[in-house]
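My questions will all concern the structure given below.
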């Protein structure tokens, strides 16, 4: 559950705060801290928080006041309260103010994790944050912007800001990051939302056809022009046009596009009339246009005309905390499309998905989830149903031992000893040296944990000095 949550710890006692963070960071990708209510509310506004962990017995932290403010302004934010043992008054007030649960000190780790996970589930039912929920409503053909990471919050904030103006926008990002969805969100959140949204990939059409598609042509203007054609700029009048992969547009057409921006009018191929158009341009590209201008492939004056507002869409590898939300979204969409129930995702599967770097970004994850749903037969997605390249990314490297948060310390020690002996091919002296203990201690632990040293030797060295077995 912890993979996708952002947790904010509100605690004025620095040592207590540090201990809480040390534990929580093993389970959650984003753990933020605040010493008082003012700092906490600032973090809630700016960072896309899902769950508050707040001390309501701490007068300095103003925990109850924070719960009151959060409840009034952020109805989908969940809170777990902490009270001193016997402080029934503040515990009851916290629950009345909307806390998901109130725990008593001293905190027990399992109870704390269960409370935060439960609060997180409730928060994610509301799509995590108000910004996310608003943007989720602007989908196109079932596709939606998904995310509650800090990087995606910046994207949402930019979309929210540009809806109030009518400036041109340029959307930057790698292939597959969702630039078209951002462009559509800009359109749907603007005053032009009731009017057309049209799009064209500038790199997918030959130069002659590209000019005709954008600006239209008159009948007989060239061989094969058997009738008049209305271009996309005219079709998009009073709406928005997305010029995808703008960096691939030929230089001579860049001149014509610049003229359309300056004059707010188009001239069809073979025509003489200049036709007024009222269109907002959203340009998108995976290229570095500044470098393209220096290389002479892109006009600097056009670049500045388009780059009034820039929105950068992060690659998926930089916002991995959004993967659980995306996985659930894709599973629900593909299951609905195929008339199937939504399968569960095994924890090991989610861990493998989180370890992969997605060179194809969200589009690649989407295809992976669709394929895993096809292969799913028993109601849950397992690692074996993922592509080989994804599974390989989830395998620990040589000498690496992966331990799930919450694993008992004795089990951690047993696994550590087993893996070290594997790496040393059963050599107890070398294992003792690596572990920083005496050789006699290694013998004692072999007996204590009933580890069969001969079976480890028979396994031989791990492949390629090899991986641990998945823990």
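The values are calculated or read from the model by the stated rules, or taken from the named source; none is laboratory data. Just so it is clear, the model here is predicted, and its values are computed rather than measured. Quick reminder, even Gly has a Cβ in these numbers, built from the backbone with ideal geometry, and neighbours come from all protein chains shown.
Being part of a loop (DSSP other than H, G, I, E, B) and at negative phi is the filter; apply it to segment 409-430 and report the residue that is surrounded by the most Cβ atoms within 10 Å (Cβ to Cβ).
Among them, the one singled out is 424.
Results for (1) surrounded by 14 or more Cβ atoms within 10 Å (Cβ to Cβ); (2) at pLDDT 85 or above; (3) under 21 Å from residue 149 (Cα atoms); (4) not assigned by TED's automatic domain parsing to the domain that holds residue 246, shown as yes or no for each residue.
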site: 307; (1), (2), (3), (4): yes, yes, no, no
site: 326; (1), (2), (3), (4): yes, yes, yes, yes
site: 338; (1), (2), (3), (4): no, yes, no, yes
site: 341; (1), (2), (3), (4): no, yes, no, yes
site: 353; (1), (2), (3), (4): yes, yes, yes, yes
site: 361; (1), (2), (3), (4): yes, yes, yes, yes
site: 369; (1), (2), (3), (4): yes, yes, yes, yes
site: 376; (1), (2), (3), (4): yes, yes, no, yes
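Can you name every residue in segment 212-231 that is in contact with a helix residue (DSSP H, G or I) (Cβ under 8 Å, 6 or more places away or on another chain), part of a helix (DSSP H, G or I) and touching a residue at least 40 places away in the same chain (Cβ under 8 Å)?
214, 215 - these are the residues of segment 212-231 that are in contact with a helix residue (DSSP H, G or I) (Cβ under 8 Å, 6 or more places away or on another chain), part of a helix (DSSP H, G or I) and touching a residue at least 40 places away in the same chain (Cβ under 8 Å).
What helices (runs of 4 or more DSSP H) lie completely within segment 247-344 and have 1 or more residues being closer than 23 Å to residue 198 by Cα?
It comes to 251-263, 289-294, 300-306.
Of these, 207, 158, 192, which one is surrounded by fewer than 21 Cβ atoms within 10 Å (Cβ to Cβ), in contact (Cβ under 8 Å) with a residue 24 or more places away in the chain and under 18 Å from residue 239 (Cβ atoms)? Spell out the reasoning first.
Numbers: 207 fails: under 18 Å from residue 239 (Cβ atoms); 158 fails: under 18 Å from residue 239 (Cβ atoms).
The conditions single out 192.
Taking the conditions exactly as written (in contact with a strand residue (DSSP E or B) (Cβ under 6 Å, 6 or more places away or on another chain), modelled with pLDDT of 95 or more and farther than 23 Å from residue 190 by Cβ), does residue 216 satisfy them or not?
Judged against the criteria, residue 216 is not a match.
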